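The values are calculated or read from the model by the stated rules, or taken from the named source; none is laboratory data. This is a predicted model, so every value here is computed, not measured. Note: ideal-geometry Cβ built from the backbone for every residue, glycine included; neighbour counts use all protein chains shown. We work out accessible area using only protein heavy atoms, side chains counted, and drop any ligands, DNA or RNA first. Shrake-Rupley method; radii C 1.70, N 1.55, O 1.52, S 1.80 Å.
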Amino acid sequence: MNKTTLARTLACLFRSGLLSCGLVLAAGLLAFALAAENDTLEVFLETNALETKAPEAEVFKAQSLGLPAKETDTPYVAFGQWLPALLTQFNQLPEVQAQLTRQQQAELAIQAADRAVYNPELGLNYQNADTDSYSLGLSQTLDWGDKRSVATKRAELEAQILLADIGLERNQMLAERLLALAEQAQSRKALTFAEQQLRFTKAQLGIAKQRLAAGDLSNVELQLMQLELATNTADYALAEQVALVADGKVIELLGDNNLAFSEFIKEIHVFVTQAKQAPAPELGPLTSTLPALASAYQQVLLARVNAMQVKADTSADPTISLGAEKEGTDNKLGVGISIPLQVRNNYSELQAVADKGIAIAEQGYLARERVLTAKQKHVLYALPRLLERYQDWRELVQVSGAKAAKSLSQQWQAGDVSTSEYLQSRRQLAASYLVGLNLETAIYQSWLTWMGESGQLMPFLNGTAEQISQAPSQIPNAAARTVNP
């Protein structure tokens with residue numbers, strides 16, 4: 001390839017902002033540009049020959065080239081820097097405020113249960129007869145079956161169940177919103193990549209027109225480039241539609257689509273590594289090992305309290321009464337006691353029903369534990385594999401993809417590769433970038449869904465945010481690697 005042709009090629013690339021292309025293509029074209037000889041760049045900077053072929057071409061100066069750096073990873077932003085603002089926004093949501101009100105309601109229910117079961121009864125009586133009589137009576141039923149204590153325990157357990165359910169709901173709500181933010185970030189990267197692909201194809205179409213004028217390219221190949229431009233235009237429109245849908249979902253869930261957010265593949269990797277290295281706990285019967293099991297475990301305790309409550313409610317509570325009566329000139333004082341006789345119904349069937357409820361609650365807990373344990377094993381099996389594939393993809397795109405893009409561009413410029421083969425190879429390289437985005441999305445979806453369903457997300461964030469904010473990044477986000485225009 002002569003110097004003038006190379007200079008024309010580089011001019012079109014720089015004029016179209018090609019050096020801002022995403023990941024694979026940017027890396028390949030950058031390598032191609034840097035591989036050019038110094039005298040070629042001098043010809044490019046000094047020649048005005050392009051003005052006859054492309055009147056819109058501009059003469060570039062050395063200081064205006066703005067070659068990007070080799071590493072263009074998106075800067076790592078730790079949880080501790082962006083998560084507090086997100087949680088503040090999250091806690092202001094009406095559904096979260098309703099959860100706080102439900103907590104206060106549960107606390108009031110405990111206070112209401114811890115009150116006396118029976119109030120004293122006061123009786124007054126007057127009888128008009130030959131001899132008027134007056135009577136005053138006071139009676140009090142005793143909580144012989146300890147109904148108050150059982151009611152308090154029941155209210156406390158119900159409050160704990162409510163708090164566990166609210167905690168699980170909050171974990172799932174936060175996981176859903178973090179996933180929406182992650183999908184929004186991925187859609188924006190895909191949109192940026194589609195835009196860069198469109199700009200790149202426009203630049204290549206200009207080169208193709210120059211080659212056609214020079215007799216180095218057929219009209220059919222030029223039409224293929226034009227069809228590729230139409231395809232990239234449609235891809236850009238579809239990517240923009242997906243990005244708008246993702247923005248709408250974030251607005252629906254959080255009320256704003258410009259919240260601070262940064263990818264956290266590194267944190268997921270750390271969590272999975274620690275979870276796999278952690279020794280398996282020795283589980284006893286009905287041992288709550290995950291936050292999501294807390295509610296089911298407390299349901300078992302509540303079933304036992306229900307059995308106690310049946311016994312307390314059906315107990316024979318005695319009533320003591322005091323009475324004073326005045327009949328004529330006679331004054332009388334009386335003391336009485338009454339005890340219900342459980343002769344016709346001893347409530348044994350109700351007690352048996354409550355005992356069966358304990359067995360049902362225990363089996364429900366075991367079933368819930370089995371499902372969550374199976375999901376945990378699946379996640380700890382699947383996530384490391386996804387992370388490994390993501391790491392493999394990153395290395396291949398960064399090394400092999402860049403080399404392939406460089407070689408492909410050189411061969412097409414020299415006419416060693418047909419335009420159809422060139423475009424097909426470009427599509428394969430572009431598809432590899434989109435595969436990386438899909439891998440990232442799958443990792444986020446798998447991890448966030450599990451963390452929300454198991455109730456571990458909030459404890460994990462609260463326990464590690466400060467530590468993570470002080471740790472430097474070791475795992476760059478390759479899919480976010482783009483060159484700023």
Of every Cα-Cα pair in the range 322-371, the percent that sits beyond 15 Å = 72
Using a simple spin-label model with points 7 Å from Cα along the Cα→Cβ vector, what separation in nm is obtained for GLN342 and ALA230?
-> 8.7
Applying 1/(1 + (r/R0)^6) with R0 = 56 Å to the Cβ-Cβ distance of THR314 and GLU240, what FRET efficiency is obtained, to the nearest 0.05?
-> 0.25
P(r) weight above 22 Å for the range 116-220, C-alpha pairs, percent = 74
Measure of exposure for ILE339: accessible area at 1.4 Å probe, Å² rounded to 10, is 100
Counting only protein heavy atoms and using a 1.4 Å probe, what share of the accessible area of the range 395-460 belongs to carbon plus sulfur, as a whole percent?
-> 53
Pairwise FRET efficiency - GLU95 versus GLN391, Cβ, R0 = 45 Å, nearest 0.05 = 0.75
Heavy-atom accessible area of THR141, protein chains in place, probe 1.4 angstrom, given in Å² to nearest 10, is 30
Could you pull the Cα extents of the range 418-460 along its three principal axes, largest to smallest, in whole Å?
-> 57, 13, 5
Residues whose placed amide H lies under 5 Å from that of ASP216, excluding near-sequence neighbours = none
Taking the Cα atoms of the range 285-341, what is the range of coordinates along each of the three principal axes, in descending order and whole Å?
-> 75, 22, 11
The range 194-329, Kirkwood Rh and Cα Rg, ratio Rg/Rh at 1.53
Note down the accessible area of ASP330, probe 1.4 Å, to the nearest 10 Å².
-> 90
Looking at the range 315-405, which trypsin sites (Lys or Arg not before Pro) are in a loop (DSSP not H, G, I, E or B) and have at most 14 other Cβ atoms within 10 Å?
-> ARG344
Around LEU253, what is the net charge, scoring Lys/Arg as +1 and Asp/Glu as -1 over all other residues with Cβ under 13 Å from its Cβ?
-> -4
If one puts a single equal scatterer on every Cα of the range 330-435 and applies the Debye formula without solvent, what log₁₀ I(q)/I(0) results at q = 0.12 Å⁻¹?
-> -0.75
Potential lengthening between GLN111 and THR131 on full extension [0.36 nm per residue; Cα-Cα distance subtracted] | 2.2 nm
log₁₀ I(q)/I(0) of the range 104-167 at q = 0.18, 0.24, 0.27, 0.30 Å⁻¹, via Debye over equal Cα point scatterers, no solvent, to two decimals?
-> -0.74, -0.96, -1.06, -1.15
Could you list the square roots of 5 times each eigenvalue of the Cα gyration tensor of the range 156-204, that is, the equivalent ellipsoid semi-axes, sorted largest first and rounded to whole Å?
-> 47, 4, 4
Accessible surface ranking that places the most exposed of THR88, THR419 first, with a 1.4 angstrom probe | THR88, THR419
